[in-house]
1. What number of residues within region 1-18 are touching a residue at least 60 places away in the same chain (Cβ under 8 Å) and assigned to a helix (DSSP H, G or I)?
2. Please work out which residue is modelled with the highest pLDDT, limiting yourself to region 41-63 and to residues that are small (Gly, Ala, Ser) and over 12 Å from the mean Cα position of the chain (by Cα).
3. Tell me which of these ASN68 doesn't satisfy, since it passes every other one: (1) modelled with pLDDT of 95 or more; (2) over 30 Å from PRO96 (Cβ atoms); (3) surrounded by 12 or more Cβ atoms within 10 Å (Cβ to Cβ).
4. Report every pair of residues separated by at least 6 positions or lying on different chains whose Cβ atoms are under 9 Å apart, first residue within region 83-95 and within 10 Å of LEU105 (Cα to Cα), second assigned to a loop (DSSP other than H, G, I, E, B) and among the basic types (Lys, Arg).
5. Quick check: is even one residue across region 19-41 among the aliphatic types (A, V, I, L, M), within 21 Å of SER104 (Cβ to Cβ), in contact with a strand residue (DSSP E or B) (Cβ under 7 Å, 6 or more places away or on another chain) and not in a loop (DSSP other than H, G, I, E, B)?
Amino acid sequence: ETTPKHALDAWYGEKKDYDFATKKCRPYAVCGHYKQVVWAKSYALGCGKRLCLKLTSVKWTSPVPSANLVTCQYGPAGNIIGDPLYIDGMACSMCPPERYCKESLCALEAFSRASYQSQLFVVCLLSAFVSLF
């Protein structure tokens, strides 16, 4: 079963196709997902998964009766042409005041479980609403 973690791991796996010397994807390779996953200015991530029993708007080379589709939204969005993935320097040296350093990354205080669950409920409601169209 495909999960958001599986998707993120696969997207991070595109690292092999990123040329750090030229700061571009290798010729004829795909690495845009990797670039977004590691984009320095993105600090928020929300992912969702939906089992699609009938795929009508996606053209596959072979018939696929159903599939788990995973999508993620990053905030702020990254992978902007011409902007660097990251800025070289000491880990956490550019964290804003409201963040702290955790495992060499700028982090926010964790949401409380109740807050997280209420936000997740809203996301589920919105997903259900969007899926009606």
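The values are calculated or read from the model by the stated rules, or taken from the named source; none is laboratory data. These figures come from a predicted structure and were not determined experimentally. Using ideal geometry, Cβ is built from the backbone for each residue, glycine included, and neighbour counts are taken over all protein chains shown.
1. 4
2. Filtering first and then ranking leaves SER62.
3. Looking at each condition in turn, ASN68 falls short on (1).
4. What qualifies is CYS92/ARG99.
5. Checking region 19-41: not a single residue is among the aliphatic types (A, V, I, L, M), within 21 Å of SER104 (Cβ to Cβ), in contact with a strand residue (DSSP E or B) (Cβ under 7 Å, 6 or more places away or on another chain) and not in a loop (DSSP other than H, G, I, E, B).
Residue by residue, here is whether (1) out of contact with any strand residue (DSSP E or B) (no Cβ under 7 Å at 6 or more places or on another chain); (2) assigned to a loop (DSSP other than H, G, I, E, B); (3) at pLDDT below 85; (4) surrounded by 10 or more Cβ atoms within 10 Å (Cβ to Cβ) holds:
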residue	(1), (2), (3), (4)
GLY78	yes, yes, no, yes
MET90	yes, yes, no, no
CYS106	yes, no, yes, yes
ALA110	yes, yes, yes, no
LEU125	yes, no, yes, yes
PHE129	yes, no, yes, no
